Each structure stands twice: as structure tokens, then as C-alpha cells.
Amino acid sequence: MHEEAKPFVKWAGGKRQLLDELTKGLPDFHAYHEPFLGGGAFFFRLESENRIKKAYLCDSNRELINAYSFIRTQVFELMAELASPEYANNPVAYYKIRASNPTSKVERAARFIYLNKTAFNGLYRVNSKGGFNVPFGKYENPRILDSENLLRVHRALQKDDLYCGDFTIVLKNARRGDLVYFDPPYHPISKTSFTGYTKNSFYEKDQERLMRTYKALDSRGCYVILSNSYSEFISDLYAEFEPEVVYASRAINCKGDKRGKVRELIVRNWEPQVAQRKLVEEIVASY
Ligand SMILES: C[S@@+](CC[C@H](N)C(=O)[O-])C[C@H]1O[C@@H](n2cnc3c(N)ncnc32)[C@H](O)[C@@H]1O
């Protein structure tokens, strides 16, 4: 075990609430795949427990993946950029940076982290043209530069491949005995549910495409775990895997009164108890 890196961005649908549920009865696995990475809370937990030998991480959000790549390779340059006085926590600096469109990778990564820390509710929301459109958040003392955590994230990413694109990339890389975690944009439980991570939304046809990918990986002999909002639609899609209902607190929602405990689904293609027994048997056999 070593000090756990925390997600370096606040992310809608972040999985810190569900970590204990997700780690319950995990089998021993070869490589790890997370094709809807977001803030990466589950990845960082597994990494801190030394369970990751090799990871394939992917998200369709270009700015997010640019920030991860930069932290992996040039974290000191990014820290120096974020320490510069232009990344101040006031509305003038905020709207100036929000309106900017830097081309260098380091400025793009710094802008992305800065906006995430100082924008209202920590939302990364874009309009239909891909422009970031969240107002200033008026936080007292946001940690725009958290050097200690950035260094932990940097270390955690050293064994990883990062991809920007569609989740189906997982079909290229996953092998028998690997663990795949899917945390897609949630199927909306109401018309106001948050789904605006990138300018491309995730529709029912994408949830169905994901279900087919899940089944293909299951047939390949991968361990597959998926989380999603509780809905009949998702429950029916994965009925044969007997989804488990769990409860999580949700912080990011457009309406303050909708914060609170919500039902979510976890779909595994293995029995947690059986995986644990197999692991114990393997350990005993190796003596
Ligand atoms: C629920 S969030 C993941 C949250 C993450 N588990 C965490 O702990 O922060 C879903 C993510 O999927 C990404 N996404 C949306 N459509 C995608 C697609 N077709 N392929 C890959 N990633 C996608 C979004 O950018 C978003 O980061």
C-alpha cells in the first residue's frame, strides 16, 4: 500500500462514494481497463493497493486526457504553470481564462484544472459547440495547485496507456483474466439529469452498444464490472448478470434539492464470494 492519489478534478459521476462496493470481492486480475475514466477514483484506489500491473485508461474528453498525459510526463512543468499569478481565484482572471483557447499542451492542461477548481459546482459542462460555459464559482480557497496530489497522480500513471476516444477501444486491448470497469454517463433518471461531459451525448443506443461490448468481454473471459443509475432500462439490459442495487450520495446535480442518496446499479459477471474462494485456493496451492 502507498499513499492514495485522489482525482485531480472534481468530476460529475465521480465514484468515491462507491469505492467500497466496487472493491468488494475483486478477483486477482492481469491488466486493468477503465474506458470511461473521468476522475479515476476507482483506478487510484486499486493503484494505491498495488493491484495494478498495467492499466489502459480512456475517456472521450480530449481536455481531460490531455491533462492526464501531461501529468504523467511533465508534471513539474504543469505545476510551474499553475503557480503563475494569472491562475488567480477571482472573476476577472476566471473569465479571461475561460475565454482563452490556448494551443500549448501545458496551458490547456492548466486551464482545464483551473476551471475545474474555480467554476461553479466544479462542473465541466460544454455547450453544443464544445465551449466551456460554467460561471465563476466564488469558492473561498480552492486548491488550484495541489502539488502533493499531482505528484501522486504522476507516480500512479507510470504503468499506463492513455487513450482519448470511444470506450470500444477496450475490445482491442482486453485479454482473458483482465479486469474491465465501465462507468458510463448515467442513463438519465430525469430530464434534468447531468449528461453534458462532452459535446457528444450518450444515448440509449450507446448504452446498448456498451451492453454488447460488456457481453463480448464476458465471453472472452474478462472480469467485467459496470456501474450505472438505477433504471428499468439498464436493469433489463443486464438482467442475465443480476445487477445489484446500491446506494450512493450524489454531489453534482443541477438542482441543490436533488442532492442526497440515490439508487445505483452494479453489474458484475462474477460472484464476489466465488472469486475470493478461488484466490484463497490458489494461495494455499502455491505453498
Ligand atoms: C460517469 S463519468 C466517469 C466517472 C469516473 N468513474 C469517476 O470516478 O470520476 C463518464 C465519463 O465517460 C466519458 N465518456 C462519454 N462518452 C464516452 C464514450 N463514448 N467513450 C468513452 N468515454 C466517454 C465522459 O467524458 C465522462 O468522463
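Kindly check whether there is at least one residue in the stretch 109-128 that is assigned to a loop (DSSP other than H, G, I, E, B), free of Cβ contacts under 8 Å to residues at least 12 places away in the same chain and surrounded by fewer than 16 Cβ atoms within 10 Å (Cβ to Cβ). Checked the stretch 109-128: no residue is assigned to a loop (DSSP other than H, G, I, E, B), free of Cβ contacts under 8 Å to residues at least 12 places away in the same chain and surrounded by fewer than 16 Cβ atoms within 10 Å (Cβ to Cβ). PRO35 falls short on exactly one of the conditions (1) without any contact (Cβ under 8 Å) to a residue 40 or more places away in the chain; (2) touching a helix residue (DSSP H, G or I) at 6+ places or on another chain (Cβ under 7 Å); (3) closer than 18 Å to ASP178 by Cα; (4) within 7 Å of the ligand (Cβ to nearest atom), and that condition is (1). Within the stretch 1-59, the set of residues being of a type in the set (Ser, Thr, Tyr) and over 21 Å from VAL262 (Cα atoms) comprises TYR32, SER48, TYR56. Is it the case that the stretch 95-113 has a residue that's in the same structural domain as PHE182 (by TED's automatic domain parsing), away from the ligand (no atom under 15 Å from the Cβ) and under 21 Å from GLY165 (Cβ atoms)? No, the stretch 95-113 contains no residue that is in the same structural domain as PHE182 (by TED's automatic domain parsing), away from the ligand (no atom under 15 Å from the Cβ) and under 21 Å from GLY165 (Cβ atoms).
Kindly list the number of the only condition in (1) surrounded by 13 or more Cβ atoms within 10 Å (Cβ to Cβ); (2) touching a residue at least 40 places away in the same chain (Cβ under 8 Å) that fails for ALA83. Going through (1) surrounded by 13 or more Cβ atoms within 10 Å (Cβ to Cβ); (2) touching a residue at least 40 places away in the same chain (Cβ under 8 Å) one by one, ALA83 breaks only (1). A search for C-beta distances below 7 Å between a residue of the stretch 166-188 that is on the phi > 0 side of the Ramachandran plot and in a loop (DSSP other than H, G, I, E, B) and any residue that is at pLDDT 95 or above and more than 9 Å from the ligand (Cβ to nearest atom), counting only pairs 6+ apart in sequence or on different chains, returns GLY177/PHE29; GLY177/HIS30; GLY177/GLY221.
Being assigned by TED's automatic domain parsing to the domain that holds PRO272 and part of a helix (DSSP H, G or I) is a property that PHE29 lacks. If you go through the stretch 5-32 and keep only what is within 15 Å of SER227 (Cβ to Cβ) and within 12 Å of the ligand (Cβ to nearest atom), you end up with TRP11, ALA12, GLY13, GLY14, LYS15, ARG16, GLN17, LEU18, LEU19, LEU22. Look at (1) over 24 Å from PHE202 (Cβ atoms); (2) within 16 Å of the ligand (Cβ to nearest atom) and you find that GLU81 fails only one, number (2).
The values are calculated or read from the model by the stated rules, or taken from the named source; none is laboratory data. Bear in mind the structure is a predicted one, so any value in this text is a computation, not a measurement. Every residue, glycine as well, gets a Cβ built from its backbone with ideal geometry; the counts of neighbours run over all protein chains shown.
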